[in-house]
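Step one of this worksheet: look at the structure below.
The values are calculated or read from the model by the stated rules, or taken from the named source; none is laboratory data. The model shown is predicted, which means the values in this text are computed figures rather than measured ones. Here the Cβ positions follow ideal geometry from the backbone for every residue, glycine too, while neighbour counts run over all protein chains shown. Heads up: the accessible areas ignore ligands, DNA and RNA and are worked out on the full protein's heavy atoms, side chains in. Shrake-Rupley method; radii C 1.70, N 1.55, O 1.52, S 1.80 Å.
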Amino acid sequence: MYLTKEEERALDGEHGEAVEKSMKLLTAIGDIYNARKLVPIKSAQIAGVSYKNIGDAGLEYVRDLADQGARVRVFSTLNPAGNDPERWQEMGVDEAFASKQKEIVEAYARMDILPTCTCSPYEISNIAMKWEHLAWSESSAVVFANSFFGACTNREGGPSSLAAAIVGKTPEYGMHLNENRAGKVLVNVNAKLESGTDYAVMGHYIGGIVGSRVPVFAGMDAQIPYQLKMMGAGLAASGGVPMFHAVGLTPEADTALSGKPEDKIAFGEEELKQAYEALDQGVEEPDIACIGCPHCSVTGLARIAKQLKGKEVSTPTWVFTNTAIKKLADRAGYTKTIEKSGAKVFCDTCFIVSPVEKMGYKSMITNSSKAGHYSSSFCGLKSKVMKLTDLVKEVTK
Ligand code: F3S
């Protein structure tokens, strides 16, 4: 990979140990993927935050980097942590876990990374322009950035997004190159999609077929970004999809299918039914219900408040967002309405990255295909995905 004189000096350690370490990682990745050069990035979204996921080795890694004086050069935000920073006891998280989690978030903050602790950074100020280069980890956010903004980011891992943030650059390969953003599979949507969950479940079904190829959706008539956010999360969970195009909805869709698609998929009512069935592991009496994967926006919390208003939950119901959104929801009265029902609004974490395995839950229901997918594959619970209206009926019966 070609390096400028300045980049060579950084690789030789002239800008300190942290930059040298980061350059080594980026050049190794660049060489693996045959990148021609490094490109400057506008922002980073950094995963590898939950203590459950990174453990003591990860804590040591970020603490060492912070101690070595590592500082990010671009606007950088953080993925969810393993517990709510204030209400960890209510979640059933133990003190040792919470204290290590605090140390991790503080180490990132010492590197000048905004401790947003959310997988929806685009809801709270980390947004992008078309064709800006980014280094984002968190697969659902990556799909959103590429597809919705038309920005360019690969599916980074925690260490590579952190290295890119420290250097301010990322290797130019994959989604940073126009030719890799073309649509490969045409999805003709004939099913009537009504809720965010319908979109999420369709995304999960299609992701399982297309793998890492870029799909182009035609005939889809999403009304709000929430529906595409839910669909993108589903696509990324079951496949390695980094982006999608939606005719009439996303910025690069017009030119996405300039060639003949490799494949065509029809998605009608029958496929929608099959997609729901694939995410139903036969949960009859769920131990817990989870909403907010990806993290709820303020309008998402308004929707949930409307549905829970005046009701009482009989099953533990957890709603996930981040501190910034929750503060706004507190002011608007949404949190109070939701929590009056007995449901809890937790911040800066989620069901999947919190230590649920130690909390005794064996089964869960959710309105998110991503949460359903990972609660079984990553956390070992039985899960069932259902629309928000059905979930509310289930937990308030
Ligand atoms: Fe976010 Fe957790 Fe889902 S990080 S996308 S809420 S699995």
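Here are some residues: T396, T335, T349. Which one is away from the ligand (no atom under 16 Å from the Cβ), farther than 13 Å from P286 by Cα and either among the polar types (S, T, N, Q) or crowded, with 23+ Cβ neighbours inside 10 Å (or both)? So that I can check it myself, show each step before the final result.
Details: T396 fails: farther than 13 Å from P286 by Cα; T349 fails: away from the ligand (no atom under 16 Å from the Cβ).
None of the others qualify; the one that does is T335.
Give segment 61-78 a look and list any residue that's within 25 Å of the chain's Cα centre (by Cα) and open to solvent by 70 Å² or more (accessible area, probe 1.4 Å), or say none.
Y61, R63, R71, R73, F75
From the list G259, G240, G234, G248, exactly one residue is part of a loop (DSSP other than H, G, I, E, B), assigned by TED's automatic domain parsing to the domain that holds G211 and within 22 Å of S383 (Cα to Cα). Which is it? Give the derivation first.
Numbers: G259 fails: within 22 Å of S383 (Cα to Cα); G234 fails: part of a loop (DSSP other than H, G, I, E, B); G248 fails: within 22 Å of S383 (Cα to Cα).
After ruling out the rest, the residue left standing is G240.
List, please: which pairs have Cβ atoms under 7 Å, are six or more places apart or on different chains, and start with a residue in segment 335-355 that is over 14 Å from T118 (Cβ atoms) and end with one that is more than 16 Å from the ligand (Cβ to nearest atom) and not hydrophobic (A, V, I, L, M, F, W, C)?
T337/K309; S341/K311; S341/E312; G342/E312; K344/E90
Would you point out the residue of segment 189-207, among those that are open to solvent by 10 Å² or more (accessible area, probe 1.4 Å) and of a type outside the set (A, V, I, L, M, F, W, C), that is farthest from I304 (Cα to Cα)?
N190
Can you give me the ranges of the strands (runs of 3 or more DSSP E) entirely in segment 6-121 with at least 2 residues that are within 16 Å of the ligand (Cβ to nearest atom) and within 22 Å of V167 (Cα to Cα)?
Where strands (runs of 3 or more DSSP E) fall fully within segment 6-121 and carry at least 2 residues being within 16 Å of the ligand (Cβ to nearest atom) and within 22 Å of V167 (Cα to Cα), they are 43-46, 75-78.
With the requirement that a residue be near the ligand (Cβ under 10 Å from one of its atoms) and closer than 19 Å to A182 by Cβ, what does segment 233-243 give you?
Across segment 233-243, the qualifying residue is only A236.
Hey, does segment 260-279 have a residue that's of a type outside the set (D, E, K, R) and modelled with pLDDT under 95?
In the first step, residues of segment 260-279 are kept if they are of a type outside the set (D, E, K, R); the result is 261, 265-268, 272, 274-276, 278-279.
Adding the requirement that they be modelled with pLDDT under 95 leaves 261.
Scanning segment 260-279, I find at least one residue that is of a type outside the set (D, E, K, R) and modelled with pLDDT under 95, so the answer is yes.
Of the residues that sit in segment 301-321 and are more than 23 Å from D348 (Cα to Cα) and basic (K, R), which one is least open to solvent (accessible area, probe 1.4 Å)?
In this case the residue turns out to be K311.
Go through segment 276-300 and give me each residue that's of a type in the set (V, I, T), open to solvent by 10 Å² or more (accessible area, probe 1.4 Å) and either within 12 Å of the ligand (Cβ to nearest atom) or outside any loop (DSSP other than H, G, I, E, B) (or both).
Once the filter is applied, which keeps residues that are of a type in the set (V, I, T), open to solvent by 10 Å² or more (accessible area, probe 1.4 Å) and either within 12 Å of the ligand (Cβ to nearest atom) or outside any loop (DSSP other than H, G, I, E, B) (or both), segment 276-300 yields V298, T299.
Mind counting the residues in segment 250-271 that are open to solvent by 10 Å² or more (accessible area, probe 1.4 Å) and over 27 Å from E123 (Cβ atoms)?
15
Right, E312: in contact (Cβ under 8 Å) with a residue 24 or more places away in the chain and not assigned by TED's automatic domain parsing to the domain that holds F346 or not?
No.
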